[in-house]
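Beneath this line is the structure, given in structure tokens, with notes to follow.
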Amino acid sequence: MKNDSNIYIIGAGISGLIAAYELEKSGYAPIILEASDGVGGRVRTDEVDGFLLDRGFQVLLTAYPEAQRYLDYDALKLKYFDPGALILKPGNSFAVHDPLRNPSKALSMAFSSVGTLKDKLKMYQLTKTLKSRSDSEIFTSPNTSTLSFLRAFGFSEKIIDNFFKPFFKGIFLENNLDTSARMFQFVFKMFALGHAAVPENGMQAIPDYLRSKLLKTEIRFNQNVKSLNGKNIELESGEILTSDGLIVACRPDRILPQLSGQVKPFRKVVNIYYSLAKSFIAQPLIALLTDDHFLTNNLVFMTDVSKAYSKNDRALLSVSITKPVEVNEKLEKLVAIELSAVTNINAEYFEHVKTYEIFDALPDVEDMQVTIPATNSKAYDNVFLAGDYMLYGSLNAAMTSGRKAAEALILSQQPVY
Ligand SMILES: Cc1cc2nc3c(=O)[nH]c(=O)nc-3n(C[C@H](O)[C@H](O)[C@H](O)COP(=O)(O)OP(=O)(O)OC[C@H]3O[C@@H](n4cnc5c(N)ncnc54)[C@H](O)[C@@H]3O)c2cc1C
């Protein structure tokens, strides 16, 4: 009886929730052991002083194939960002309209200060090429860095510095565009085919939605798994559980001694929230600070995207820093001063709400793949792995990995005749 099997999943992040969903579809009733007090993993939203604060600025790209498979965008009440970005420079700020999604508009900004005329044509060419390239083709393309890819494609240093670097730094959470061009092409294609969005009530609505689809899964919170030994799961409390099948939907190197040192350190980001009397952008647009002297990489008024992010009449500003910085009170003040320099708004008007220092934000994956062959999910007998770190850092990858691990586990439970 599948329902009687002791099937465990470690981690109630996106990959663990998808694995549970797939297992349920095949008749299993898994138990999720989650170290924290809620579902979502890296996708959580806190309520602080009447504001909704996502733990780190992140967006759902509506073109993600896995998101289309598992999520109901109407139920999430998605709120969309305007395509493009606002480039903030002291005394010279300008909008880059729609360079990723709508090539005709990109051409219309032929003489804007973001790049050269050739860049606009290249943008058109890149959009067209990537829209027609399959995800499998993208993830088997040469594994060069994004920077080398952009240069080889013929983009000027001007548009690389003014647009690609600051925009993709905020996505890759690294400062040199060293990330594989496979990831760049995939994300570019997703922007070209769809929208960046957040659920009306914060990113947490995504894992909450996935959880609401689980009817037979038991989720046990505050259950920190200390180690795995064969079929046995040892909890921090000392309790030992025995499994018939197990999916490790979190970093495995911390609980499986044989994998210790095999997962590269994750990338870090600092996210500072301020409230202001009103938005100085007044559009659902991501703003970029392109000057390397600034600590801030990108910022966005979450209340311009979804009013529900503030339960009072103040605007909520989310600022992301990808540079290595020390998080302290001085940082909040320094960032307010640099924002004052580009906006002419007195730094004192930036009221600090909360700072998040997210150490394990994104995995650093060298050989990014579009999917995982069922056999590659297997760690050892009846133990399977899931998580974005297996493919590339994204909600889409977390979902793929969860499904693949569930499929591999289900296969392993079939009787051998
Ligand atoms: C700041 C930030 C910005 C991002 N931006 C984007 C974006 O814009 N678009 C996008 O697509 N993706 C983005 N991502 C990436 C995306 O959030 C992740 O790829 C995805 O959430 C990973 O899900 P996961 O299930 O693989 O891992 P996780 O979310 O890390 O889930 C692992 C779960 O396992 C639990 N756990 C860990 N150890 C144990 C243990 N020993 N015992 C029990 N439980 C344990 C954890 O508490 C957690 O709940 C961003 C991530 C961050 C942090």
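The values are calculated or read from the model by the stated rules, or taken from the named source; none is laboratory data. Owing to the predicted nature of the structure, the values given are computational and were not obtained by experimental measurement. Cβ sites come from the backbone with ideal geometry, for glycine too, and all protein chains shown count toward neighbours.
Starting from residues that are under 13 Å from residue 377 (Cα atoms) and not small (Gly, Ala, Ser), keep the ones in the stretch 236-249 and report whichever is nearest to the ligand (Cβ to nearest atom).
Per the stated criteria, the residue is 248.
Against the conditions (1) away from the ligand (no atom under 14 Å from the Cβ); (2) touching an Asp or Glu at 6+ places or on another chain (Cβ under 6 Å), where does residue 87 fall short? Just the number, please.
(2)
Please tell me if residue 153 is within 15 Å of residue 123 (Cβ to Cβ), surrounded by fewer than 16 Cβ atoms within 10 Å (Cβ to Cβ), assigned by TED's automatic domain parsing to the domain that holds residue 129 and modelled with pLDDT of 95 or more.
yes
A quick yes/no check of all residues on (1) assigned to a loop (DSSP other than H, G, I, E, B); (2) touching a helix residue (DSSP H, G or I) at 6+ places or on another chain (Cβ under 8 Å); (3) among the β-branched types (Val, Ile, Thr); (4) surrounded by 18 or more Cβ atoms within 10 Å (Cβ to Cβ):
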position: 250; (1), (2), (3), (4): yes, yes, no, yes
position: 270; (1), (2), (3), (4): no, yes, yes, yes
position: 282; (1), (2), (3), (4): yes, yes, no, no
position: 293; (1), (2), (3), (4): yes, no, no, no
position: 317; (1), (2), (3), (4): no, yes, no, yes
position: 323; (1), (2), (3), (4): yes, no, no, no
position: 332; (1), (2), (3), (4): no, no, no, yes
position: 336; (1), (2), (3), (4): no, yes, no, yes
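Residue-by-condition table, conditions (1) closer than 30 Å to residue 53 by Cβ; (2) in a strand (DSSP E or B); (3) assigned by TED's automatic domain parsing to the domain that holds residue 134; (4) without any contact (Cβ under 8 Å) to a residue 24 or more places away in the chain:
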site	(1), (2), (3), (4)
375	no, no, no, no
379	no, yes, no, no
384	no, yes, no, no
392	yes, no, no, no
396	yes, no, no, no
402	yes, no, no, no
407	no, no, no, no
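For the stretch 9-27, which positions are buried (at least 24 other Cβ atoms within 10 Å of the Cβ), more than 7 Å from the ligand (Cβ to nearest atom) and not in a helix (DSSP H, G or I)?
9
Is one or more of the residues making up the stretch 214-230 over 24 Å from the mean Cα position of the chain (by Cα), buried (at least 16 other Cβ atoms within 10 Å of the Cβ) and away from the ligand (no atom under 15 Å from the Cβ)?
no
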